[in-house]
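Take a look at the structure below.
The values are calculated or read from the model by the stated rules, or taken from the named source; none is laboratory data. Because the structure is a prediction, the values reported are computed rather than measured. Here the Cβ positions follow ideal geometry from the backbone for every residue, glycine too, while neighbour counts run over all protein chains shown. Quick note on the areas: whole protein, heavy atoms, side chains included, nothing else; ligands and nucleic acids left out. Shrake-Rupley method; radii C 1.70, N 1.55, O 1.52, S 1.80 Å.
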Amino acid sequence: MTSQKYERKDFVAKEEVRWCPGCGDYAVLSQVQRVMPEICDRLQLRRENIVFVSGIGCSSRFPYYMNTYGFHTIHGRAPAIATGLQLCRPDLLVWVITGDGDGLSIGTNHLVHCLRRNVNVKILLFNNRIYGLTKGQFSPTSEKGTRTKSSPMGSIEQPIKPLSMALASEATFVARASATDAKTLQDILLRAACHRGSAFVEILQNCNVFNDGAFDSFAATSVRQDRSLYLQHGRPMIFGANRDRAIRLRAGFPEIVRLDEFPEKDLLVFNESAAHPGLAYMLSELDEQAFPVPMGVFRCVTRSPFGELLDEQIETAVAKRGAGNLFDYINSGDTWRVTAPQGS
Amino acid sequence: MTEVMATHQASQEKPAKPRQFREMDHAVVRFAGDSGDGIQLTGSLFTHDSAVLGHDVSTLPEYPAEIRAPAGTRAGVSSFQLNFSSAEIHTPGDRPHMLLALNPAALAVHLPDLMPGGTIVLDDDTFDTAGLGKAGFTGTDPREDGTLAGYQVYRVPITTLTLEAVRSLGLDKKQASLCKNMFMLGLVAWIYDRSVTAVEKQIDSLLERKTTQPATFDKYREQARANKLAFRAGYNYADTVEVFVCRYTVGKAKLPPGTYRRVTGNEATALGFLAASVLSQRSLLYASYPITPASDILHELSKYRHFGVRTVQAEDEIAAIAMAIGAAYGGCLGLTGTSGPGVALKTEAVGLAVMAELPVVIVNVQRGGPSTGLPTKTEQSDLLQAIYGRNGECPVVVLAAHSPAHCFEMAIEAFRIAIRYMTPVFLLSDGSIANGTEPWRTPKESELPRLDLPQGVPAGDYQVYARDPETLARQWVAPGTPGLEHCLGGLEKQDVSGKVSHDSANHQRMVELRIKKIQGIARDMPELTVFGRAEGDLLVLGWGGTFGAIHHAVERAQQLGLSVAAAQLDYLNPFPANLGSVLRSYRQVLIPELNAGQLRMLIRAQFLVDAAGLNKITGQPFRTSEIELEILRLLGVQNVGREDPLSPGKGVHGTMDS
Ligand SMILES: Cc1ncc(C[n+]2csc(CCOP(=O)(O)OP(=O)(O)O)c2C)c(N)n1
Ligand code: SF4
């Protein structure tokens, strides 16, 4: 593959972008376009080998705006379509764009199984905790009490946490970033692209029309430093604008300790590649009011992707039986010959 | 011979000349027993032997709906019917000439189907109080109460004789009695004058196929040894005890020369798709969620890893078609298969493939519906679902296979059309085709269509929905093609450019274009051929798995001098271009279907022809006689007698099976 130097503009489609002004989706698009040249560089990849597959929702319009191959499919099914594509075309870098309704309501099943199989696709779930495209109904990630046209007295449903679900689905790469945090998002996109197998990234994305300010309590620029926990592999989980607090486990449960009262050497060290997903799950389940909100890579472990295993079986079968020949095959085994002329 | 009643007990007085051979043009044998008795294996061995001897064969296996139905009950009965013939045949036969019943339940379930005067061989050991009770005979014994009057009954203590036969191997009683089916096969082999060594060789080759794992070799070798002992014991028993009054021979069929193998419909379907992949030089992805009676296609294709075939057991039917669409988008052969309930789930995705104009093939092995319906029974009730079952004006191509071996051809045809016209194609099969078998003459490469169409990169300014003027297909440009990056999707497309468009006039144009593209495929399909005269009193029009019964019934009616012809539609959307003129060449049209009249509705709506229907929705395939009777009724013919080889003077075929 000939390497080619790309720039951001090489990934900007001619298509006019049609999200509402102020929508968080713009920021994600921009970071993805910005990081693509580096991804191509690292993976020695050409633009025509990149595909964005999406479901349905505001966020799923994304592929139209990327100057790559794209497929805007049907509601919830993008992970399955991407699976078929990736298995047949392991030479492609396949991205999945989905939303909290698309990926966690109608398409949950496919998401779970795509992650479980560790299909080599990179899934970006735009979580705005609302159904944008259908004009503002609550979604499976909406907080309890969310008032919408379909829940005028407030939603009475327990929300699901995307990362907890990804972890329960045995995902090998699980990360979170806020659309507004360009640096963290770019880092994660780059790592996701280079991960061997499924990468699942939750992107916190503000829908300023139907659920404005959903993440303000911890992601607004003014509080972000103080309210976020930036996960770093092999480091203690220290956070705060002044980096003066940390998370540790006590009797199996997380608690916040002040560094001036607690020796740093006794802090819990974060390990993204731990075989057991327990620590990652503890972090994904942290109450976002009482605790800082973890950002970055929660889990990154190595497991052979589905497509590689499938193709290994093909190689093994060919090695064992020889490459199949249709006409030899249908004429072998329990066959018999009828010769002419025959009978009376 | 129907008046001769020979039972095991009666064999004391030996029939004077028991060993004459009776020549028959065909024989229909049904094996029946408990689902654990190895009935399918027995049937399959006998079928193979028949085919190798040069008979034409057709089979109908039937399984209980429950995997482990209580042993000995009617619910647990499994059966296998074989028709072997000296002439070309297309059906497994209406009524068996001979029924082999390994227990009272098997007798109870299958006796009503047996031809009048037919032969029954039963395992006498199983007719004890417990066995009779489980089969629902309380206080009565069908062997003694007159139930079997008029049949030729052979009561053979099969269990005892089998245990005796394999005693030298020291198997436990359970293992030993598992060989009963082979004893039964031995009896049948003798009755139909088969070679002992040929069948024994088959048993051995079965062993070889099972012993790919060295760990299980001893187990299977032991099993094969026991099976062969029991088989030979059955054969020798029949040869020495002089119970059986008659042996039968059937001549060889005049089949076209070539190499033959026996295939089930599902095997032929899988092989056809494999061939499509080879012929198109595109890799095949089959994604499917297990469902009766389609699962064997998944099992079969999963064996073809050395051909580079990728199979995925998807999480559900929606995922399965989604994966197939993903493969098609990637420039490969995207395939999914299921049965009716699964198709119901796939419908939205089929619409996506129509909108994105991608070639995917969807196989529906139909079963009894609606809902979960009758999973193990056959039906043809998903025709309208295939043609219309989607939101929007959403035309697709619909094909149907009409017999097990025909599945091979139609599987290739499905992909030929899908690729050439960039469209989803449904291939309809059904439970009886899927599990039925027939001999298949393996084709040479030169006999198969070409699928490796030139797929050059479009020159100049690439327009995603620019169409070939002849086929109206857009070009299949997969990711990886430099400079042609574009985005497909389910939103309406602007004509030519393929950009998203909400323009109303454009929508109408695109809907019409999609319809026109599919209708135009009629020009690229074989014309409908008619079996019989090109015009006349009655046309019997069918589609799919009713082919054999219709063909046979029409053949018989023609032999009576009636002006009847048959035609079978393998192409259901679009219809063959000459269908209208064919329909108008006959005074009446009869459409037998295993549904409530779906093709008939289409024919009436499209051609304004007042076609009559014959609709059977019992989960069973048509019998020849049912169609023949309807033909006679429509033509005002009554009571036409004809001889049946096993019951001379008895079979009044035109009217007996109503
Ligand atoms: C089968 C089907 N059902 C319902 C819809 C309507 N629909 C479109 S998008 C959507 C929800 C999208 O929410 P989300 O995934 O959160 O995406 P967002 O628009 O917020 O980015 C729904 C219900 C549809 N297009 N298809
Ligand atoms: S509705 Fe919300 S999510 Fe959709 S484009 Fe507008 S702001 Fe963005």
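Shown for region A:59-75: residues covered by the partner protein chains by 20 Å² or more of accessible area relative to the chain by itself (probe radius 1.4 Å), namely A:Arg61, A:Tyr64, A:Thr68, A:Tyr69, A:Gly70, A:Phe71, A:His72, A:Ile74.
Summarising the overall dimensions of region B:361-403 from its C-alpha atoms, the Rg and Dmax are 11.4, 33 angstrom.
Averaged per residue, chain A has 43 square angstrom of accessible surface, using a 1.4 angstrom probe with ligands and nucleic acids left out. Tell me which GluC sites (Glu not before Pro) from region B:246-346 have a DSSP coil assignment and no more than 16 other beta carbons within 10 Å of their own. Those that pass, being in a loop and sparsely packed, number zero. Rg of the Cα atoms in region B:24-247, relative to 2.2 N^0.38 Å, amounts to 0.98.
Between the residues B:Thr147, A:Gly278, B:Gly272, the greatest Cα displacement towards the positive end of the dipole of the protein assembly as shown, with unit charges on the Cβ of Lys, Arg, Asp and Glu, is found for A:Gly278. Sorting the Cα pairs of region A:28-91 by distance into bins of 5 Å, from 0 upward, gives 4, 17, 25, 25, 21, 8, 1 percent per bin.
Along the Cα-to-C-beta direction of B:Asp316, a point sits 7 Å from the Cα; which residues of region A:69-111 have their amide N less than 13 Å from that point? It comes to A:75-78, A:80, A:103-111, nothing else.
The ellipsoid that matches the Cα gyration tensor of chain A has semi-axes, each √(5λ) in whole angstrom, of 42, 25, 21, with the longest given first. Considering only B:Gly342, A:Ala319, B:His306, and ranking their Cα positions along the charge dipole of the protein assembly as shown that arises from unit charges at the beta-carbon of Lys, Arg, Asp and Glu, the one farthest toward the positive end is A:Ala319.
In summary, the aspartates and glutamates within cross-link reach of B:Lys616, defined as a Cα separation below 13 angstrom excluding same-chain residues under 8 places away, comprise B:Glu379, B:Glu593, B:Glu626, B:Glu630. Solvent exposure of chain B amounts to 37 Å² per residue of accessible area, where only protein heavy atoms count and the probe is 1.4 Å. Computed about the Cα centre, the dipole magnitude for region A:111-171 is approximately 140 debye when only Lys and Arg (+1) and Asp and Glu (-1) carry charge, each at its Cβ. Under the convention that each Lys and Arg Cβ holds +1 and each Asp and Glu Cβ holds -1, the size of the dipole of chain A around its Cα centre is about 320 debye. For region A:125-181 versus region B:310-383, the inter-centroid distance based on Cα atoms is 31 Å.
Considering only B:Ala459, B:Met410, B:Leu427, and ranking their Cα positions along the charge dipole of region B:404-460 that arises from unit charges at the beta-carbon of Lys, Arg, Asp and Glu, the one farthest toward the positive end is B:Ala459. The ellipsoid that matches the Cα gyration tensor of region B:536-649 has semi-axes, each √(5λ) in whole angstrom, of 25, 16, 12, with the longest given first.
Taking amide H as placed 1.01 Å from N in the peptide plane, B:Arg262 has its amide H under 5 Å from the amide H of B:Trp440, each at least 5 places away in sequence or on another chain.
For region B:24-247, the share of DSSP beta bridges that are antiparallel, to the nearest 5, is 55%. For region B:471-496, heavy-atom accessible area (probe 1.4 Å) falls by no less than 40 Å² from the chain alone to the full protein assembly at B:Pro479, B:Gly480, B:Glu485, B:Cys487, B:Leu491. Solvent-accessible surface, computed for protein heavy atoms with a probe of 1.4 Å, shrinks by 30 Å² or more for the following residues of region A:86-125 when the other protein chains are added to the isolated chain: A:Leu87, A:Cys88, A:Arg89, A:Asn109, A:His110, A:Arg117. Taking Cα centre as origin and charging only the Cβ of basic (Lys, Arg, +1) and acidic (Asp, Glu, -1) residues, the dipole magnitude of region B:330-439 rounds to 120 debye. For the chain pair B and A, buried accessible area totals roughly 5600 Å², probe 1.4 Å, rounded to the nearest 100.
Write down the percent of antiparallel bridges among all DSSP beta bridges whose residues are both part of the protein assembly as shown, to the nearest 5. Bridges in the protein assembly as shown that DSSP calls antiparallel: roughly 35 percent.
Both radii were evaluated on the Cα set of chain B; the Rg over Rh quotient, with Rh as the Kirkwood radius, amounts to 1.01. For the protein assembly as shown, the share of accessible area belonging to carbon and sulfur comes to 51 percent (1.4 Å probe, ligands and nucleic acids excluded). One Cα centroid belongs to region A:59-86, the other to region B:263-307; the line between them spans 27 Å. Summing charges over neighbours of B:Leu122, with a neighbour being any other residue whose Cβ is under 11 Å away from its Cβ, gives -1 when K and R count +1 and D and E count -1.
Out of every Cα-Cα pair that the protein assembly as shown contains, those further apart than 42 angstrom amount to 47 percent. Region A:28-56 and region B:399-448 have Cα centres lying 41 Å from one another.
For region A:167-259, what class follows from the C-alpha gyration tensor (a ≥ b ≥ c being the square roots of its eigenvalues): rounded when a/c is under 1.5, otherwise prolate if a/b is larger than b/c, else oblate? Because a/c hits 1.5 or more and a/b fails to exceed b/c, region A:167-259 counts as oblate.
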